[in-house]
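The values are calculated or read from the model by the stated rules, or taken from the named source; none is laboratory data. Since we're looking at a predicted model, the values are computed, not measured. Backbone-built Cβ (ideal geometry, glycine too); neighbour counts: all protein chains shown. With ligands, DNA and RNA removed, areas are computed over all heavy atoms of the protein, side chains included. Shrake-Rupley method; radii C 1.70, N 1.55, O 1.52, S 1.80 Å.
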Amino acid sequence: MEFEKIEKFVQKEYGINLSAYKSKQLIRRIENFMQRAGAKNEIDFITKLSSDSNLSKKFLDHLTINVSEFFRNKELFLDLEQKIKYYLRPEKNSLKIWSAACSIGAEPYTLAIIMDRLTPNKKHTIIATDIDQTILEVAKQGVYNKNEIRNVDDNTLNKYFTKKDDKFYISEDIKKRVTFKKHDLILDKYESGFDLIVCRNVVIYFTQETKNKIYQNFYNSLKPGGLLFVGATESIYNYKEFGYEKASTFIYRKPGGN
Ligand SMILES: C[S@@+](CC[C@H](N)C(=O)[O-])C[C@H]1O[C@@H](n2cnc3c(N)ncnc32)[C@H](O)[C@@H]1O
């Protein structure tokens, strides 16, 4: 496959730099999509994408894979809740939290629910970012299907969601606690001063070199004592290289703080 042609098109059209993504896996995904779109070759595929905005949108979704849900790997979120309580003392401190690669918003809204449970009525800052502007618009709507809320217990569901037809609407109170922004983990600058960074199920698509850069950037973005929470298949074997200590299998801590 003439990957460079697709790579150039994707960079120009969507502003996504594919060279940092794991290429074998990516090429397979692109080939599958091309086949389904009935494209004869790369040039034909690019022509199709350029003339069909619907197909182009689907391709972007396919590349970035937006699948997410509330309390994804529930037991790990329950562990996170305990670690927030223990290390970050939210009753004393107003926390700055970042959900990086937040997709449809289920992850930052889960964090907002957790913070409300830990400290009702206390204001924390939750920033949620993604490379994909379209998915950020979906996230801001805060409307979910049954599958995306399957890990939410009944009490939490009744308290924070309204059901209408077969959709679940997140409450306005939770919605207004999260600020959505576009951010590319590979190309953009990172904000700093975070107590907690949650980045799950995106670095699996990146090369080791890119992962290393991202983990180092997160470290620099954390306050001393801050926590990094990663995905259930993403434990960082070389965490010491960046300066982290381990708080649990999927939670890393920047030493220092009180
Ligand atoms: C599988 S979702 C993960 C959603 C959520 N974090 C979770 O674990 O449920 C991956 C998200 O990463 C985003 N993404 C892909 N490349 C990115 C990049 N370079 N910078 C920021 N977000 C990116 C995609 O748009 C997609 O929404």
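The residues listed here are Ala101, Ala20; of these, the one that is closer than 25 Å to Arg253 by Cβ and touching a residue at least 60 places away in the same chain (Cβ under 8 Å) is Ala101. Within the range 105-132, if we keep just the residues that are within 15 Å of the ligand (Cβ to nearest atom) and part of a loop (DSSP other than H, G, I, E, B), the residue that is most open to solvent (accessible area, probe 1.4 Å) turns out to be Ile131. Pairing each residue of the range 36-47 that is over 11 Å from Glu2 (Cα atoms) with any residue that is small (Gly, Ala, Ser), provided the two are 6+ apart or on different chains, yields C-beta distances under 8 Å for Phe45/Ala37; Phe45/Ala39.
Taking residues in the range 1-16 that are free of Cβ contacts under 8 Å to residues at least 24 places away in the same chain, and partners anywhere that are assigned to a helix (DSSP H, G or I), the pairs with Cβ atoms closer than 7 Å and at least 6 places apart or on different chains are Glu7/Leu18; Glu7/Ser19. Flag set for Ile135, criterion: modelled with pLDDT under 95, assigned to a helix (DSSP H, G or I), farther than 19 Å from Leu228 by Cβ and touching a Ser or Thr at 6+ places or on another chain (Cβ under 7 Å). Scanning the range 201-232 for residues that are in contact with a Lys or Arg (Cβ under 7 Å, 6 or more places away or on another chain), farther than 14 Å from Ala247 by Cβ and within 10 Å of the ligand (Cβ to nearest atom) turns up Val203, Tyr205, Phe206, Gly231.
On the stretch given as the range 45-61, residues that are within 16 Å of the ligand (Cβ to nearest atom) and either of a type in the set (Gly, Ala, Ser) or open to solvent by 30 Å² or more (accessible area, probe 1.4 Å) (or both) total 4.
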